[in-house]
Amino acid sequence: MAKKKVTSSQVAEKAGVSQATVSMILNRRNNVSFSEETIEKVERAARELGYELPHRKHKNNSKKEKLIVVFCPTLTSPYYVLLLQGIESVANEKGYGVFICNTQRDARLEERYLRMIGNIEPQGIIYACNPHPDFQQKVEELARRIPLVIISNKEKTTTVDAINQDNTMVGRLMARHLLDLGHRDVAFITPPLTRRQWQRSRRIDGFVKEYEKEGLGGHVLIKAADESIDRRMPRMDSEYSMGYQLTMELLREQKQFTAIAGQNDMMAVGAIDALEKSRIRVPKDVSVIGCDDIFYSGIRRLSLTTIDHFVALKGRDACDIIIRKITTNDQFYTGLQPTSLYNIEYTPKLIARKTTTYAKTSGISKPVK
């Protein structure tokens with residue numbers, strides 16, 4: 001005699017919850033929220049009874065479900081374009097579509113996209129940067145029901161799969177390179193240092209600490225763009241323009257420095273153009289270093305010194321984790337429970353090119369006429 005199939009009502013009875021609760025939890029409904037204890041209780045009852053979702057295999061193979069959502073703060077930055085290319089290369093290879101939510105660093109827009117997740121019903125979610133602090137808890141709740149990876153900046157939480165980056169280490173690498181070249185008085189130019197973009201401050205902290213280690217803590221000028229910039233619609237040249245304008249301000253203020261560090265490569269390129277516009281030679285008069293190693297940085301005529309932290313590989317790894325988790329979840333009701341938590345971190349490395357050299361003893365105190 002064929003073994004009688006376990007029903008959701010039996011799972012509900014064993015777990016001590018309603019049948020509707022069982023249905024919503026086991027069908028991964030994302031527009032409802034249950035406590036971690038309730039979710040675990042229902043899933044444990046389902047495993048012990050050998051319950052299998054009806055038509056689960058057909059559902060997972062449907063075109064609608066083969067979708068990964070990516071939360072991205074901007075599509076104008078070469079860094080995020082490179083990251084998305086890494087994600088899409090793996091997704092396309094495995095037959096998944098990618099739906100990009102461009103939040104434009106707007107908390108209201110990010111919240112709207114989060115509300116849409118229940119309707120979109122993706123099989124996985126990738127955050128290309130840290131979630132807004134106000135939504136961290138919501139994201140962690142989503143991660144309990146949908147495979148979710150954050151391409152993080154060394155966030156404290158260990159409850160979500162993450163591709164980590166230690167921005168403090170990145171800043172230290174930038175500073176160490178300049179210190180080794182004899183640069184005692186330096187400037188660090190950066191986009192706005194807001195609560196949302198706290199990872200920018202981490203990079204600066206690492207940079208300053210490396211100088212403090214050499215007794216030169218007061219020799220680092222921090223020049224940040226105004227916070228209002230992050231509330232504007234980003235343009236293709238936003239980061240370049242910030243680098244250019246901030247460097248021009250440093251020159252007008254007649255600050256003393258022999259090197260400039262840019263929070264990213266595009267800001268560093270803007271700094272180079274501002275220096276050359278003022279007839280200051282790079283690197284003979286002032287050295288410039290960036291971060292991200294985007295494509296433009298390696299162009300021979302520019303040849304920007306930068307930090308490589310393997311952006312495209314991070315995108316590939318994030319998508320690979322999502323697909324592994326989806327595959328594991330497909331096997332869930334045959335007895336295999338997904339318990340692994342992925343936490344990957346690359347060690348950044350310096351790419352020394354032609355925009356940095358040994359410091360001039362006199363430095364730059366004013367624009368060259």
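In region 244-273, which residues are of a type in the set (S, T, N, Q) and under 22 Å from residue 202 (Cα atoms)?
Filtering region 244-273 down to residues of a type in the set (S, T, N, Q) leaves 245, 247, 254, 256, 258, 263-264.
Result: 247, 263, 264.
Which of the numbered conditions does residue 236 fail, given that it passes all the others? Conditions: (1) under 23 Å from residue 80 (Cβ atoms); (2) of a type in the set (A, V, I, L, M); (3) without any contact (Cβ under 8 Å) to a residue 40 or more places away in the chain.
For residue 236, the failing item is (3).
For region 111-133, which residues satisfy the criterion of being outside any loop (DSSP other than H, G, I, E, B), under 19 Å from the mean Cα position of the chain (by Cα) and modelled with pLDDT of 90 or more? Spell out how you get there, then give the answer.
Applying the first criterion (outside any loop (DSSP other than H, G, I, E, B)) to region 111-133 yields 111-120, 124-127, 133.
So of that shortlist, the ones also under 19 Å from the mean Cα position of the chain (by Cα) come out as 111, 113-114, 124-127, 133.
Answer for region 111-133, where residues must be outside any loop (DSSP other than H, G, I, E, B), under 19 Å from the mean Cα position of the chain (by Cα) and modelled with pLDDT of 90 or more: 111, 113, 114, 124, 125, 126, 127.
Can you find, within region 166-196, the residue that is modelled with the lowest pLDDT among those that are in a loop (DSSP other than H, G, I, E, B) and open to solvent by less than 10 Å² (accessible area, probe 1.4 Å)? Explain how you work it out, then say what you get.
Step one: list which residues in region 166-196 are in a loop (DSSP other than H, G, I, E, B), which gives 166, 181-185, 191-196.
The next check asks that each one be open to solvent by less than 10 Å² (accessible area, probe 1.4 Å); those that pass are 183, 191-192.
Numbers: 183: 98, 191: 91, 192: 88.
Only one residue fits best here, namely 192.
Any idea which of (1) closer than 26 Å to residue 115 by Cα; (2) at pLDDT 90 or above is the one residue 20 doesn't satisfy?
(2)
Return yes when residue 367 is at pLDDT below 90, open to solvent by less than 70 Å² (accessible area, probe 1.4 Å), in a loop (DSSP other than H, G, I, E, B) and closer than 16 Å to residue 124 by Cβ and no when it is not.
Details: at pLDDT below 90: yes; open to solvent by less than 70 Å² (accessible area, probe 1.4 Å): yes; in a loop (DSSP other than H, G, I, E, B): yes; closer than 16 Å to residue 124 by Cβ: no.
When the stated conditions are applied, residue 367 does not pass them.
Can you find, within region 300-342, the residue that is modelled with the lowest pLDDT among those that are under 25 Å from residue 207 (Cβ atoms) and open to solvent by 20 Å² or more (accessible area, probe 1.4 Å)? Even if it seems obvious, please write down each step before you answer.
The first filter runs over region 300-342 and keeps only residues under 25 Å from residue 207 (Cβ atoms), leaving 302-314.
Keeping just the survivors that are open to solvent by 20 Å² or more (accessible area, probe 1.4 Å) gives 302, 308, 310, 312-313.
Details: 302: 93, 308: 94, 310: 91, 312: 88, 313: 93.
Per the stated criteria, the residue is 312.
Scan region 76-110 residue by residue and report those that are buried (at least 16 other Cβ atoms within 10 Å of the Cβ) and part of a loop (DSSP other than H, G, I, E, B).
76, 77, 96, 103, 104, 105, 106
The values are calculated or read from the model by the stated rules, or taken from the named source; none is laboratory data. Everything numeric in this text was worked out from a predicted model, so none of it was measured. Note: ideal-geometry Cβ built from the backbone for every residue, glycine included; neighbour counts use all protein chains shown. Surface areas here come from the heavy atoms of the whole protein model, side chains and all, with no ligands, DNA or RNA. Shrake-Rupley method; radii C 1.70, N 1.55, O 1.52, S 1.80 Å.
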